[in-house]
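For reference, the structure discussed in these notes is given below.
The values are calculated or read from the model by the stated rules, or taken from the named source; none is laboratory data. Nothing here was measured: the structure is a model prediction, and the numbers come from that model. Here the Cβ positions follow ideal geometry from the backbone for every residue, glycine too, while neighbour counts run over all protein chains shown.
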Amino acid sequence: MPAVFESPAMERLLETVQRVAVTSATVLIGGESGAGKELIARAVHHHSMRANKPWVDVSCAALPEHLMESELFGYEKGAFSGADSPKPGLFELAHTGTLFLDEIGELDPKMQVKLLRVLDGVPYYRLGGTRKVAVDVRVVAATNQDLEAAVQQGRFRSDLYHRLSQITLRVPPLRERPQDVIPVAQYFLSQHNPRLRFSRDALDCLLRHEWPGNVRELRNTVLKAAVLSQADEITAEHLPMVRTMLFERNDSVPVSSLDGMERKMILRVLEQTGGHQQKAAALLGISRRTLSRKLKLYGTEATNLSRAC
């Protein structure tokens, strides 16, 4: 994914990335889950002198300790059951390039010690090996945790933290850069279906949402809305947060406005399902009983439509 942004906050961050990238410093990227930390890590690699060299990434939370060690440092034939042939580790694969360690805060304490030694330039052995391996790798790490607090609590080594945080970058959450919401949403929509567009009310809803899941939530929201839309335009009714707001009654929006949007959405979904209430309720994310109750409130038009099947 390219860096799509219009906010001053992201502009400043990318300017810093370009200055940091040309150094050999280890970089620690912080930020909430889904904010775009890997995108910034890739930007560091792209703007560095290692841009044409390998890029290798791994999630420290994805593998247990014994597998993480073999993934990072490799192993020799016969090192353990199933090791039928030697395998280079990710450090070797990233030689002369960049190794991205995502979710570094989840790294096991024993692995933290081993990682620190390699970052300090100490050659290491593959599992079961007798020959030391020396590598030239630029490490970029990312975390959604407060590593300083983790150090104080004894969950993360202070020496490793200081080694990783030679340069620290923070990716601001999407709610702190609302100028990026629309261009990022339009980028995701163009990737899914370039013929679709957002209506004015849909854009307003996107801007009002807090985006606790950040860019990842925005991407999923756009894809779901694109699937639900059967026309060339995505309206507010297609957005998951609006559907939740309608049925949970958000007090920040006038009730009369919610009632109108809710009624319009239910009638549209009923039309799409041929009046089948069970299917409509499933699409709306409500129970059949709730849908029946609302249809009674809406009167004859809705009741007749629901009987069309």
Quiz item: Restricting attention to the range 8-29, and to residues there that are in contact (Cβ under 8 Å) with a residue 40 or more places away in the chain, of a type outside the set (A, V, I, L, M) and closer than 22 Å to Glu176 by Cα, which single residue is surrounded by the most Cβ atoms within 10 Å (Cβ to Cβ)?
Solution: Thr16
Practice problem: Could you identify the single residue in Arg157, Arg208 that is modelled with pLDDT under 95 and not acidic (Asp, Glu)? | Solution: Arg208
Quiz prompt | Residue selected from the range 62-89 under the condition in a helix (DSSP H, G or I) and either among the basic types (Lys, Arg) or touching a helix residue (DSSP H, G or I) at 6+ places or on another chain (Cβ under 9 Å) (or both), by the criterion modelled with the lowest pLDDT | solution = Glu65
Quiz item: Any residue at all in the range 40-57 that is assigned to a helix (DSSP H, G or I) and touching a Gly at 6+ places or on another chain (Cβ under 9 Å)?
Solution: yes
Quiz item: Do we find a residue being modelled with pLDDT of 70 or more and closer than 30 Å to Pro172 by Cβ anywhere in the range 269-282?
Solution: no
Exercise. Could you please find all residues in the range 109-126 being surrounded by fewer than 17 Cβ atoms within 10 Å (Cβ to Cβ), under 18 Å from His66 (Cβ atoms) and not basic (Lys, Arg)?
Key: Pro109, Val113, Tyr125
Exercise. Could you check, for the range 120-130, whether at least one of its residues is within 24 Å of Arg42 (Cβ to Cβ) and in contact with a Ser or Thr (Cβ under 7 Å, 6 or more places away or on another chain)?
Key: no
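Are any residues in the range 2-32 touching an Asp or Glu at 6+ places or on another chain (Cβ under 9 Å) and part of a loop (DSSP other than H, G, I, E, B), and if so, which ones? Steps first, please.
Restricting attention to the range 2-32, the residues satisfying the condition of being touching an Asp or Glu at 6+ places or on another chain (Cβ under 9 Å) are 4-7, 9-10, 29-30.
Once the filter is applied, which keeps residues that are touching an Asp or Glu at 6+ places or on another chain (Cβ under 9 Å) and part of a loop (DSSP other than H, G, I, E, B), the range 2-32 yields Val4, Phe5, Glu6, Ser7.
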Quiz item: Just for the range 200-214: of the residues that are part of a loop (DSSP other than H, G, I, E, B) and in contact with a helix residue (DSSP H, G or I) (Cβ under 7 Å, 6 or more places away or on another chain), which one is surrounded by the most Cβ atoms within 10 Å (Cβ to Cβ)?
Solution: Trp211
Self-check item: From the options Ala141, Ala134, residue that is modelled with pLDDT of 95 or more and either surrounded by fewer than 16 Cβ atoms within 10 Å (Cβ to Cβ) or more than 23 Å from Arg50 (Cβ to Cβ) (or both)
Solution: Ala134
Self-check item: Only listed residue being in contact (Cβ under 8 Å) with a residue 12 or more places away in the chain and surrounded by fewer than 12 Cβ atoms within 10 Å (Cβ to Cβ), chosen from Phe100, Phe91, Phe156, Phe80
Solution: Phe80
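Can you pull out the helices (runs of 4 or more DSSP H) entirely within the range 90-191 that have at least 2 residues that are within 29 Å of Phe80 (Cβ to Cβ)?
By residue number, 90-93, 109-119, 158-164.
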Self-check item: Thr98, sole failed condition from (1) closer than 19 Å to Arg42 by Cα; (2) in contact with a Leu (Cβ under 9 Å, 6 or more places away or on another chain)
Solution: (2)
